[in-house]
Amino acid sequence: MFRDSNHEPRFTNHDMRTYLLKRLFLIIPTLLGITLVTFFVIQLAPGNPVSRKLQVGEGVKAEAITKDIIEQTKKLYGLDKPIYIRYWIWLKQIATLDFGRSYKDHRPVIQKIAERLPVTLSINIISILLVYIISIPLGVYSAVTQGSIRDRAITFFLFALYSIPSFWLAMVLIYFLGGGEFWDVFPIYGILSPGAENYPFLKKLLNFLWHITLPVICLTYGDLAYLSRYQRGSLLEVLRSEFIRTARAKGLTESNVIFKHALRNALIPIITIVASVLPAMIGGSVIIESIFSIPGIGQLGFEAVLSRDYPLIMAIATISAFLTLIGILISDLAYVMVDPRISFEGKR
Amino acid sequence: MNTQVVGVSQVYQPIPKSPGYWGTVWIEFKKDKLAMTALCVILFLFIVAIFSDFIAGNKPIFLKWNGKMYFPVLFEYKELFNVDFKELTESLPKDNFAVYPPIRYSDTEYDLLSVLSPPSRPHLFGTDDRGRDVLSRMIHGTRISLSIGFVAVGIAVVIGIFLGVIAGYYGGITDFIVSRLFEIMITFPVFFLILTILAFRDPSIYNIMIVIGATGWTGIARLVRGEFLRLRKYSYVEAAIALGSPDFRVMLKHMLPNAFAPVLVASTFGVAGAILVESALSFLGFGVPPPEPSWGDVLSQSQRYVDFAWWLVLFPGAAIFTTVTAFNLVGEGFRDAIDPRLRGR
């Protein structure tokens, strides 16, 4: 990654490289920890996927299943070995990026995830962008009018939004805008209309956006409070500093002070905080994707949990954790690169 | 000359007694009308939760029968074991009487003759798909929501303080290991983890409390760790160590009280979060097991019908919303109250 020395990076010293290597190295114990927790949570649980799978097999009665069949099935899935050996086998597989096959349909797990990941990512990226577009101006406005009625009204309104459970709003939206009781404006199922796969690109995109409007609303509104409060606090912090007093003292207009001098500095933390929103994405998606039948990672995870699809659960936990770790790393790097006051040594 | 005399008399005025740290916080908190209202709402919810059996139920609170006095809500009686209280009350002889709770339905009592009836006289909040009284289920659900919120946060606070204290106090390799633990927890898609654990274990109320608590400690641990790293450099801490106080005494007696206010703020927000998570779990069918009433459970029943049973959406939604908002507003008011930079606004 860093072999080419033609493009000299902004940090010419070894700081960045050592920092990056250190951080990349630290990802390993964290990932190990996550897989360990997940593995033991699901494997030490009473009941196993074998009994569950055999029960659903073409009307076969439970008594009819002999011990032999159970043992054979266990062997097929490698469940006859002790747990620590199973974990070791799983780890060795992961080292070669082999996540195994789903118990449900025997398709490679990685393939199933690859199908679903783009949907979840695109919905969540749209939602995060919306959160930023809305909450940065709101935060700035409340910081500038700090303590006023308008500031308090915004705070209260956002807190109220934050307290509405997303699944509740999802149901209300479905009832009122999804053809339940009043208007039939938005579809409530899936991400594309039937047959829309063959639409031309633009029409397909519009169809997609039309389908994801309600889910995106449900994923977005709750984060507004957090981010706009954060923006408000960060701008207030900057507005207290000396250079703002200087800027005011030399007679700059208030809008100049706020937008040119203060806001630029106040945006740094809020941009880099995006990584902390990432892990919540998968979790938040579970419930919203289930309600709106969106074929994303959240729904896949929910189904995997319901059918005790061990390899799939493990893969989803591992991959989403890995993505989050990378996200945190990128945001930390961005933080140092954007803000010259922070050095690599200062960060951990 | 005169002015000097005035100055002296001012100096000798008796200094009013300091209200102390928590006193000051309380004085600041009381100034916030919104937060005070929210606190009253929480107190009201507590009263409902504690006395829910006296507010809604199909057993009489007090019964005078055959010359004896009974308190069927509080105690179990052998002679009343198989008694149908409705029939009993209708056929009570003279001089005997029964005092019922204001809402005469229990939270688990089926009435298949009035299934899914909209709010009207006997059932003020309507009934659900099995004819259970929604108002009664909501009242009894308060106890479950609040107890899950508080116990889960209690567990999270204990874990968070323990890890935060040892990481911040000892630093070095301990801090490194605990920081990896933080990172593991932060990186997990927590809701997915909770769902997985509950799907693989019994979703009993205790498991829900433990799972939400065991996954929710990171914020508190980080706070405590940060505070301890800061406090560790203070000379009063060094003095305590130099005097030979054992580590746990320095941590718990000298340092923890100084780090406790932000923990309390975070726990208030934590209760709101735990109540939300519980209702989401119940909504997905992974919550409190079926006969027990839960707000999320009432809400989830509305999803199964084509007809819009608005009372199954509005009331539990409003209850979750009010409770979560109240806890968040109290947390917000409390946070402002402990922040000395905001004093004297």
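Quick one: would you say B:Thr268 is touching a residue at least 60 places away in the same chain (Cβ under 8 Å) and among the β-branched types (Val, Ile, Thr)?
Numbers: touching a residue at least 60 places away in the same chain (Cβ under 8 Å): yes; among the β-branched types (Val, Ile, Thr): yes.
So B:Thr268 passes the test.
Taking the stretch B:144-162 on its own, how many of its residues are within 14 Å of chain A (Cβ to nearest Cβ) and not polar (S, T, N, Q)?
From the stretch B:144-162, those within 14 Å of chain A (Cβ to nearest Cβ) are B:145, B:149; that's our starting set.
Pick out the ones that are also not polar (S, T, N, Q) and you get B:149.
Here the count works out to 1.
Within 19 Å of B:Asn328 (Cα to Cα) and in a helix (DSSP H, G or I): is that true of B:Thr174 in this structure?
Numbers: within 19 Å of B:Asn328 (Cα to Cα): no; in a helix (DSSP H, G or I): yes.
It is false that B:Thr174 is within 19 Å of B:Asn328 (Cα to Cα) and in a helix (DSSP H, G or I).
Kindly indicate which of A:Leu117, A:Leu169 is of a type in the set (A, V, I, L, M) and more than 10 Å from every other protein chain (Cβ to nearest Cβ). Write out each step before concluding.
On the way: A:Leu169 fails: more than 10 Å from every other protein chain (Cβ to nearest Cβ).
So the residue among A:Leu117, A:Leu169 that is of a type in the set (A, V, I, L, M) and more than 10 Å from every other protein chain (Cβ to nearest Cβ) is A:Leu117.
Can you tell me which residue among A:Tyr162, A:Tyr199, A:Tyr189, A:Tyr175 is farther than 24 Å from A:Leu239 by Cα, touching an Asp or Glu at 6+ places or on another chain (Cβ under 7 Å) and not basic (Lys, Arg)? Steps first, answer last, please.
Details: A:Tyr162 fails: touching an Asp or Glu at 6+ places or on another chain (Cβ under 7 Å); A:Tyr199 fails: touching an Asp or Glu at 6+ places or on another chain (Cβ under 7 Å); A:Tyr189 fails: touching an Asp or Glu at 6+ places or on another chain (Cβ under 7 Å).
Result of the check over A:Tyr162, A:Tyr199, A:Tyr189, A:Tyr175: A:Tyr175.
So A:Ser228 fits all but one of (1) surrounded by fewer than 12 Cβ atoms within 10 Å (Cβ to Cβ); (2) at pLDDT 85 or above; what number is the exception?
With (1) surrounded by fewer than 12 Cβ atoms within 10 Å (Cβ to Cβ); (2) at pLDDT 85 or above applied to A:Ser228, the lone miss is (1).
So is B:Arg222 crowded, with 18+ Cβ neighbours inside 10 Å, out of contact with any Pro (no Cβ under 8 Å at 6 or more places or on another chain) and among the basic types (Lys, Arg) or not?
Numbers: crowded, with 18+ Cβ neighbours inside 10 Å: yes; out of contact with any Pro (no Cβ under 8 Å at 6 or more places or on another chain): yes; among the basic types (Lys, Arg): yes.
Here the answer is yes, as B:Arg222 does meet what is asked.
I need a count of the residues in the stretch B:129-165 that are at pLDDT 90 or above and over 24 Å from the mean Cα position of the chain (by Cα).
Residues flagged as at pLDDT 90 or above and over 24 Å from the mean Cα position of the chain (by Cα) within the stretch B:129-165 amount to 1.
Here are some conditions: (1) of a type in the set (Ser, Thr, Tyr); (2) under 30 Å from B:Asp336 (Cβ atoms); (3) in contact (Cβ under 8 Å) with a residue 24 or more places away in the chain. A:Thr246 meets all but one. Which one does it not meet?
Of the numbered conditions (1) of a type in the set (Ser, Thr, Tyr); (2) under 30 Å from B:Asp336 (Cβ atoms); (3) in contact (Cβ under 8 Å) with a residue 24 or more places away in the chain, the odd one out for A:Thr246 is (3).
Please state which of the following conditions A:His211 fails to meet, knowing it meets all the rest: (1) in contact with a Gly (Cβ under 8 Å, 6 or more places away or on another chain); (2) outside any helix (DSSP H, G or I); (3) away from chain B (no Cβ under 14 Å).
(2)
Report yes if B:Ala240 is in contact with a helix residue (DSSP H, G or I) (Cβ under 6 Å, 6 or more places away or on another chain), of a type in the set (Gly, Ala, Ser) and on the phi < 0 side of the Ramachandran plot, otherwise no.
Yes, satisfied.
Could you check the stretch B:215-267 and list, in sequence order, the residues that are touching a Phe, Trp or Tyr at 6+ places or on another chain (Cβ under 6 Å) and among the polar types (S, T, N, Q)?
Correct list: B:Thr218 only.
Just to check your reading of the model, which residue among B:Asp297, B:Asp336 is under 21 Å from B:Ile210 (Cβ atoms) and in contact (Cβ under 8 Å) with a residue 40 or more places away in the chain?
Numbers: B:Asp336 fails: under 21 Å from B:Ile210 (Cβ atoms).
It is B:Asp297.
Please find, among A:Leu202, A:Leu173, A:Leu158, the residue that is touching a residue at least 60 places away in the same chain (Cβ under 8 Å) and either surrounded by 16 or more Cβ atoms within 10 Å (Cβ to Cβ) or over 24 Å from the mean Cα position of the chain (by Cα) (or both).
Working: A:Leu202 fails: touching a residue at least 60 places away in the same chain (Cβ under 8 Å); A:Leu173 fails: touching a residue at least 60 places away in the same chain (Cβ under 8 Å).
Matching residue, one of A:Leu202, A:Leu173, A:Leu158: A:Leu158.
Looking only at the stretch A:280-321, which residues are more than 8 Å from chain B (Cβ to nearest Cβ), in a helix (DSSP H, G or I) and within 14 Å of A:Ile110 (Cα to Cα)?
Passing the criteria: A:Ile297, A:Leu300, A:Ala304, A:Tyr310, A:Pro311, A:Leu312, A:Met314, A:Ala315, A:Thr318, A:Ile319.
(1) out of contact with any Ser or Thr (no Cβ under 9 Å at 6 or more places or on another chain); (2) facing chain B (nearest Cβ under 9 Å): which one isn't true of A:Trp183, the others all being true?
Checking A:Trp183 against (1) out of contact with any Ser or Thr (no Cβ under 9 Å at 6 or more places or on another chain); (2) facing chain B (nearest Cβ under 9 Å), the one that fails is (2).
Working carefully through the options B:Ile205, B:Ile197, B:Ile173, B:Ile144, find the one that is surrounded by 21 or more Cβ atoms within 10 Å (Cβ to Cβ), out of contact with any helix residue (DSSP H, G or I) (no Cβ under 6 Å at 6 or more places or on another chain) and not aromatic (Phe, Trp, Tyr).
B:Ile144 is the lone residue from the list that is surrounded by 21 or more Cβ atoms within 10 Å (Cβ to Cβ), out of contact with any helix residue (DSSP H, G or I) (no Cβ under 6 Å at 6 or more places or on another chain) and not aromatic (Phe, Trp, Tyr).
Residues of the stretch B:100-115 being out of contact with any strand residue (DSSP E or B) (no Cβ under 6 Å at 6 or more places or on another chain) and within 14 Å of B:Trp311 (Cβ to Cβ), which ones?
As a first pass, look at the stretch B:100-115 and keep what is out of contact with any strand residue (DSSP E or B) (no Cβ under 6 Å at 6 or more places or on another chain): B:100, B:102, B:104, B:106-113, B:115.
Within the stretch B:100-115, just B:Val115 meets the criteria.
I'm trying to understand the selection: among the residues of the stretch B:178-210, which are more than 7 Å from chain A (Cβ to nearest Cβ) and touching a Pro at 6+ places or on another chain (Cβ under 9 Å)? Don't jump to the end; show me each part of the working.
Step one: of the stretch B:178-210, the residues more than 7 Å from chain A (Cβ to nearest Cβ) are B:178-179, B:181-182, B:185, B:193-194, B:198, B:202-210.
Residues satisfying the conditions are B:Asp202, B:Pro203, B:Ser204, B:Ile205.
Residues checked against (1) surrounded by 14 or more Cβ atoms within 10 Å (Cβ to Cβ); (2) in contact (Cβ under 8 Å) with a residue 24 or more places away in the chain; (3) not charged (D, E, K, R):
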{"residue": "A:Lys75", "(1), (2), (3)": "no, no, no"}
{"residue": "A:Arg86", "(1), (2), (3)": "yes, yes, no"}
{"residue": "A:Ile89", "(1), (2), (3)": "no, no, yes"}
{"residue": "A:Thr96", "(1), (2), (3)": "no, no, yes"}
{"residue": "A:Lys104", "(1), (2), (3)": "yes, yes, no"}
{"residue": "A:Pro108", "(1), (2), (3)": "yes, no, yes"}
{"residue": "A:Ile123", "(1), (2), (3)": "yes, yes, yes"}
{"residue": "A:Ser127", "(1), (2), (3)": "yes, yes, yes"}
{"residue": "A:Ile133", "(1), (2), (3)": "no, no, yes"}
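Look through the stretch B:94-117, keep the residues that are of a type in the set (Val, Ile, Thr) and in contact (Cβ under 8 Å) with a residue 24 or more places away in the chain, and return whichever of them is surrounded by the fewest Cβ atoms within 10 Å (Cβ to Cβ). Please lay out each step first, then the result.
First, the residues of the stretch B:94-117 that are of a type in the set (Val, Ile, Thr): B:99, B:103, B:108, B:115.
From the residues that got through so far, the ones that are in contact (Cβ under 8 Å) with a residue 24 or more places away in the chain too are B:99, B:103, B:108.
Details: B:Val99: 11, B:Ile103: 21, B:Thr108: 16.
Out of the qualifying residues, it is B:Val99.
Mind listing just one residue for me: the one in the stretch A:135-159 that is touching a Phe, Trp or Tyr at 6+ places or on another chain (Cβ under 9 Å) and within 16 Å of A:Ser234 (Cα to Cα) and, of those, farthest from the other protein chains (Cβ to nearest Cβ)?
Taking the stretch A:135-159 as the starting set, the residues that turn out to be touching a Phe, Trp or Tyr at 6+ places or on another chain (Cβ under 9 Å) are A:135, A:139-140, A:150-151, A:154, A:158.
Filter again for within 16 Å of A:Ser234 (Cα to Cα), leaving A:135, A:139-140, A:151.
On the way: A:Ser135: 17, A:Gly139: 15, A:Val140: 20, A:Asp151: 12 Å.
By that ranking, first place goes to A:Val140.
Could you look through the stretch B:118-131, keep only residues that are free of Cβ contacts under 8 Å to residues at least 60 places away in the same chain and part of a loop (DSSP other than H, G, I, E, B), and pick out the one that is surrounded by the fewest Cβ atoms within 10 Å (Cβ to Cβ)?
Start the filter on the stretch B:118-131 by keeping residues that are free of Cβ contacts under 8 Å to residues at least 60 places away in the same chain, which leaves B:120-124, B:127, B:130-131.
Cutting the leftovers down to part of a loop (DSSP other than H, G, I, E, B) gives us B:120-124, B:130-131.
Details: B:Ser120: 11, B:Arg121: 5, B:Pro122: 12, B:His123: 22, B:Leu124: 16, B:Arg130: 13, B:Gly131: 17.
For the stretch B:118-131, the residue satisfying everything is B:Arg121.
The values are calculated or read from the model by the stated rules, or taken from the named source; none is laboratory data. These numbers come from a predicted model, not from an experiment. Positions of Cβ are generated from backbone atoms using ideal geometry, with glycine treated the same way; all protein chains shown enter the neighbour counts.
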